[in-house]
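Okay, so here's the structure we're looking at.
The values are calculated or read from the model by the stated rules, or taken from the named source; none is laboratory data. Please read all numbers here as calculations on a predicted model, not as lab measurements. Backbone-built Cβ (ideal geometry, glycine too); neighbour counts: all protein chains shown.
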Amino acid sequence: MGEKGPNYKPEYAKYFDHTKLYPEATTETIREFCAQAREYGFAAVCVQPCHVKMVAELLKGSEVNTATVVGFPLGGNTTNSKVFETKEAVENGANEIDMVLNIGSVKDANWDYVEKDIQAVVDAASSAAVKVIIEARALTDDEKVKACQISEKCGAKFVKTCSGFYGTVGATVEDVALMRKSVSDKVQVKASMGIRTREDADKLIAAGAVRFGSSGGPKVVDGD
């Protein structure tokens, strides 16, 4: 690691899933992200499923986890499809799975389907940690609370604010605080989208987030 400036604070690195999910992401870009993640000591690198095997190999020997997405970004895939995606990702080296719940079923209050969908992915993930993306911008507060509680019941390790591909508003302090109150200490909260500055990070940490889905980790750690 090169010489860092006076604003450098490595303690921020543990909060970041260094994320590159846009469809135009190239192999070279993913390699650069993995190199940055190793350099900074980020929590994970989160990529599209097609990149998982490469990322797992590039991160081998480090403490950086390999994360990927399931049912992404809309959540409307069938449960069987999500299960297949999850098993394949784990076989390819993923140890963290960020799944999108079925948003339409939440809006229908079809909680039985929502629960079975999440449970199937948690079961398929085996020892890999599952983060349930609830897409908070699409839900009422009551729906957010219920979705978080069901996620905990199913054994998810995290609840996550959003995919980053729905609407224009990212993680908010209000949503993170509500989600934190909705689950026990067994479940952690991940905030996604729009975390670009140390001020952003500090506010979300204070609200209860312990992970961020963002490509802005280097800037936050460096204090740029």
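Within the stretch 104-135, the residues that satisfy the criterion of being in contact with a strand residue (DSSP E or B) (Cβ under 9 Å, 6 or more places away or on another chain) and among the aliphatic types (A, V, I, L, M) are ILE118, VAL121, VAL122, ALA124, ALA125, ALA128, ALA129, VAL130, VAL132, ILE133, ILE134.
Selection within the stretch 164-193: residues that are buried (at least 20 other Cβ atoms within 10 Å of the Cβ) and at pLDDT below 95. The member of this set that is nearest to CYS148 (Cα to Cα) is ALA171. When the stretch 15-28 is filtered for residues that are surrounded by 14 or more Cβ atoms within 10 Å (Cβ to Cβ), over 13 Å from the mean Cα position of the chain (by Cα) and part of a helix (DSSP H, G or I), nothing remains.
Please indicate, with yes or no, whether at least one residue in the stretch 55-68 is more than 13 Å from SER214 (Cα to Cα), of a type in the set (D, E, K, R), surrounded by fewer than 18 Cβ atoms within 10 Å (Cβ to Cβ) and under 18 Å from the mean Cα position of the chain (by Cα). The answer is yes, given that some residue of the stretch 55-68 is more than 13 Å from SER214 (Cα to Cα), of a type in the set (D, E, K, R), surrounded by fewer than 18 Cβ atoms within 10 Å (Cβ to Cβ) and under 18 Å from the mean Cα position of the chain (by Cα).
Could you tell me which numbered condition ASN95 fails, if it satisfies all but one of (1) surrounded by fewer than 22 Cβ atoms within 10 Å (Cβ to Cβ); (2) over 23 Å from LYS146 (Cβ atoms); (3) touching a residue at least 40 places away in the same chain (Cβ under 8 Å)? Single failed check for ASN95: (3).
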